[in-house]
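The structure under discussion appears below in the form of structure tokens.
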There are 2 protein chains.
Amino acid sequence: MQEAEKIAVIGLGSMGWGAAVSLLRASFRVTGCDVRPDVLQRLEDAGGTPCRTASEAAKDAAAVFIYVVNSAQAEEVLLGQGGALETADPGTVFMLCTTMAPSATVSLADRLEAAGMLVIDAPVSGGHLKAMSGEITVMASGSEAAFAKAQTALDAVSAKVFRLGDKPGTGSQVKMINQLLAGVHIAATAEAMTLAAKTGIDLQTLYDVLRVSAGSSWMFENRGEHIIAGDYAPRSAVDIFVKDLGIVTAEAARNGATTPLASIALDLFKEASAAGLGREDDAAVAKILAKKSGVSLPGMEGQA
Amino acid sequence: MQEAEKIAVIGLGSMGWGAAVSLLRASFRVTGCDVRPDVLQRLEDAGGTPCRTASEAAKDAAAVFIYVVNSAQAEEVLLGQGGALETADPGTVFMLCTTMAPSATVSLADRLEAAGMLVIDAPVSGGHLKAMSGEITVMASGSEAAFAKAQTALDAVSAKVFRLGDKPGTGSQVKMINQLLAGVHIAATAEAMTLAAKTGIDLQTLYDVLRVSAGSSWMFENRGEHIIAGDYAPRSAVDIFVKDLGIVTAEAARNGATTPLASIALDLFKEASAAGLGREDDAAVAKILAKKSGVSLPGMEGQA
């Protein structure tokens, strides 16, 4: 019997961990690395092989999933000392799953391809629970050869793969626009809930009506519940949108486009982060608007 | 056989006309008034009774639907010269369907109730097509007696009535928050499409992916199609959001709440209106962002 393919996962945060677990479930051999020793222990307990460096993890891997936090870290784990390129065989497929500026994605992909590697620009969407069940959505672009080689691994981690062309960069562009909308919609949900509280509307009633009305959004449905429950345990943190809306406004500026709503939303997430809420659920941006408006939302009693 | 109840509809714009048609379909006797003679002729052709004034229309009516554009017009057709209060019998139900500031609704309702009338604060949602088929959504608050008396007429025009308590004002409050979200989401859709066009993403591909992703909204799904088609025939016009977001920011200011996103969106709709786009579809706010960004969206060729 042929030995199972080896897949490396670099960065075992909430999304990367979900990918590792999903790959193990699909009987791949999984190597992984992360800066946190307890996570590496968990990987070993789950049947994977913990590694100290990306270089070690990428040795003999058919594909390398990059799930670190930002483009600087991605560059480091790919091209830096102890990076995956030190050991990866030519023809290895690199899945760039980190949400990065499209220009950063293109730059990294160029360097990987120059070294003989295959690349899929593959930012993901769906959150931790879907990552754990191998059901994330991937906004993917890359060569036919890369997709052919990585197909079974991609199938193991995702329920839906949007194929957005054959060049790295397009996946990141579409993800960037998704984050523009998502970030603005979270801030709008926070603004709506705050104004409702300030003008004396019952938040649950408001939610029940607007969830099925023209004012609804995926984020209103989802984060609205967090605000009503006063539950700011992080599913996705404030600091993620500081980063992602930062990418939006920087890329817009680079291209001469104007993004007034994304800029205002970014300011609110930055303000939340500066107030110590960076690791709370992104819906905690509501606390900033509530304080400015002099009203207390659920879970804020005694904080205002 | 008992003669059918008489219902008055004041203001036969796209929503009021839909209500009149739906009431006629349900075999009510319908009186109507509007400033446009051609619309009154259409009402007569459809089997209704055209009237020159609200006073004339309200005589012997069991209920009076108010579908004028704003609170100033509502005050005029209710309490001004030739207004409905001149002839309405005590106990007539006034359905306030105009989107108004909650404070304006409460003030009007107080004066109507002081004159012995029943009042339902009943702003509507759903657009012209649903109005024509008698399937709008109503965000309604008012007394049990008012609902009991108007129930069959309300059933004739709507598919869904949210009962939001027994006091006029709550319906308008919930509608106001809906408009905050809807207006911000339209502007966000415009911003997303503009940035996508500027950074070279195919708009249809973007739409197909994001419609089913976490960045989606009711407005993205709906107005996104208008922008991709370059179709700015007004389903709901730019000037409606100049008014409705104006209500949001004014009520927020009155209550000491902060609404940074609604304020920015209002600025964009105002700018679109000042550029002569006030009667185009509200998605035309995208043209403003596209011009600022130096990119041409579908339908804008030669306009930038």
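Projected area of segment B:173-293, taken from the Cα convex hull and averaged over every viewing direction, in nm²? Display every interim value, and only then the final one.
Working: hull surface 29.4 nm².
Projected over every direction and averaged, the Cα hull of segment B:173-293 covers 7.4 nm².
Which percent, to the nearest 5, of DSSP beta bridges fully inside the protein assembly as shown are antiparallel?
Of all bridge pairs located within the protein assembly as shown, approximately 20 percent are antiparallel.
Taking the Cβ of A:Thr258 as the centre, find all other residues whose Cβ is under 11 Å away and add up their charges (Lys, Arg: +1; Asp, Glu: -1). Intermediate results must be reported in sequence, preceding the final value.
On the way: positive: B:Lys198, B:Lys291, B:Lys292; negative: B:Glu191.
Within the 11 Å Cβ shell, the charges total +2.
Just need the relative contact order of chain A here, percent rounded to a whole number, with Cα pairs under 8 Å and 6+ apart.
Result for chain A is 14 percent.
Can you tally the net charge around B:Ala63? Count Lys and Arg as +1, Asp and Glu as -1, for every other residue whose Cβ sits under 10 Å from the Cβ of B:Ala63.
Around B:Ala63, the charge tally is +1.
Specify which residue in the list B:Val238, B:Phe94, B:Thr31 is farthest towards the positive end of the charge dipole of chain B, using unit charges on the beta carbon of Lys, Arg (+1) and Asp, Glu (-1), about the Cα centre.
B:Val238
For the protein assembly as shown, with the dipole built from +1 on Lys and Arg beta-carbon atoms and -1 on Asp and Glu ones, taken about the Cα centre, which of A:Ile66, A:Thr152, A:Ala275 lies farthest toward the positive end?
The residue sitting farthest along the positive end of the dipole is A:Ala275.
Taking the simple approach of a point 7 Å from Cα along Cα-to-Cβ for both A:Val212 and B:Ala114, what is their distance in nm?
Spacing of the two 7 Å Cα→Cβ label points: 3.8 nm.
Would you kindly compute the Cα radius of gyration of the protein assembly as shown and its largest Cα-Cα separation (Dmax), both in Å?
When restricted to Cα atoms, the protein assembly as shown yields Rg and Dmax of 27.9, 92 Å.
Mark the label point 7 Å from the Cα of A:Arg163 along Cα→Cβ and return the residues of segment A:87-129 whose backbone N is within less than 13 Å of it.
none
Quick one: with label points 7 Å out along Cα→Cβ, list the inter-copy distances for B:Gln81 in nm, shortest first?
Result, one decimal in nm: 9.0.
What 222 nm value per residue comes from the helices of chain B, counting each DSSP H run with n ≥ 4 as -39,500 (n - 2.57) and dividing by all residues, nearest 500 deg cm²/dmol?
Taken over chain B, the calculation gives -16000 deg cm²/dmol.
How long are the semi-axes of the equivalent ellipsoid of segment B:13-145, taking √(5λ) for every eigenvalue λ of the Cα gyration tensor, in whole Å from largest down? Before the final figure, lay out each step's value.
On the way: eigenvalues 90, 61, 38 Å².
Rounded to whole Å, the semi-axes are 21, 17, 14.
Using a Förster distance of 35 angstrom, determine the FRET efficiency expected from the C-beta separation of A:Glu225 and B:Asp155, and round it to 0.05. Can you show the working numbers first?
On the way: r = 31 Å, r/R0 = 0.90.
With R0 = 35 Å, the Cβ-Cβ based efficiency is 0.65.
Bin width 10 Å, alpha-carbon pairs only: give the P(r) of chain A as whole percents, running from 0 to the bin holding the largest distance.
Bin by bin from 0 Å, the calculated values are 6, 27, 31, 22, 11, 3, 0.
Just to confirm a number: summing +1 for Lys and Arg and -1 for Asp and Glu over residues other than A:Leu297 whose beta-carbon lies under 15 angstrom from that of A:Leu297, what do you get?
On the way: positive: A:Lys198, A:Arg223, A:Lys287, A:Lys291, A:Lys292; negative: A:Glu191, A:Asp202, A:Glu225, A:Asp231, A:Glu280, A:Asp281, A:Asp282, A:Glu301.
After counting each charged neighbour, the total is -3.
Could you give the dipole magnitude of chain A about its Cα centre, charging the beta-carbon of Lys and Arg +1 and that of Asp and Glu -1, in debye to the nearest 20? Display every interim value, and only then the final one.
Details: 25 positive and 34 negative charges, 72 e Å.
The calculation lands at about 340 debye.
Dipole magnitude of segment B:6-167 about its Cα centre, charges +1 at Lys/Arg Cβ and -1 at Asp/Glu Cβ only, in debye to the nearest 20?
Rounded to the nearest 20 debye, it is 340 debye.
With only Lys, Arg, Asp and Glu charged, each at its Cβ (+1 for the first two, -1 for the last two), find how big the charge dipole of segment B:173-293 is about the Cα centre; round to the nearest 20 debye.
Magnitude of the dipole: close to 240 debye.
Using only the Cα atoms of segment A:124-235, each taken as one equal point scatterer with no solvent, compute I(q) by the Debye sum, divide by I(0), and report log10 of the ratio at q = 0.09, 0.18, 0.21 Å⁻¹.
Rounded to two decimals, the profile gives -0.35, -0.94, -1.11.
Of the DSSP beta bridges with both residues in chain A, give the percent that are antiparallel, rounding to the nearest 5.
Working: 5 of 30 bridges.
Beta bridges within chain A, antiparallel portion: roughly 15 percent.
For a bin width of 10 Å, list the pair-distance distribution of segment B:201-270 built from all Cα-Cα distances, rounded to whole %.
Histogram of Cα-Cα distances, whole percents per bin: 18, 37, 33, 12, 1.
Before anything else, pin down the relative contact order of segment A:1-105: Cα pairs under 8 Å, at least 6 apart, normalised by residue count, whole percent.
Contact order relative to length: 27 percent.
Counting pairs of alpha carbon atoms under 8 Å apart in space and at least six apart in sequence, what relative contact order in percent does segment B:172-284 give?
The normalised contact order for segment B:172-284 reaches 36 percent.
At q = 0.12 Å⁻¹, what is the base-10 log of I(q)/I(0) for segment A:76-190 according to the Debye formula with one equal point scatterer per Cα and no solvent? Please give it to two decimals.
So the normalised log intensities work out to -0.44.
Values in this text are rule-based calculations from the coordinates and carry no lab data. Just so it is clear, the model here is predicted, and its values are computed rather than measured. Glycine gets a Cβ as well: all are built from the backbone with ideal geometry, and neighbour counts include every protein chain shown.
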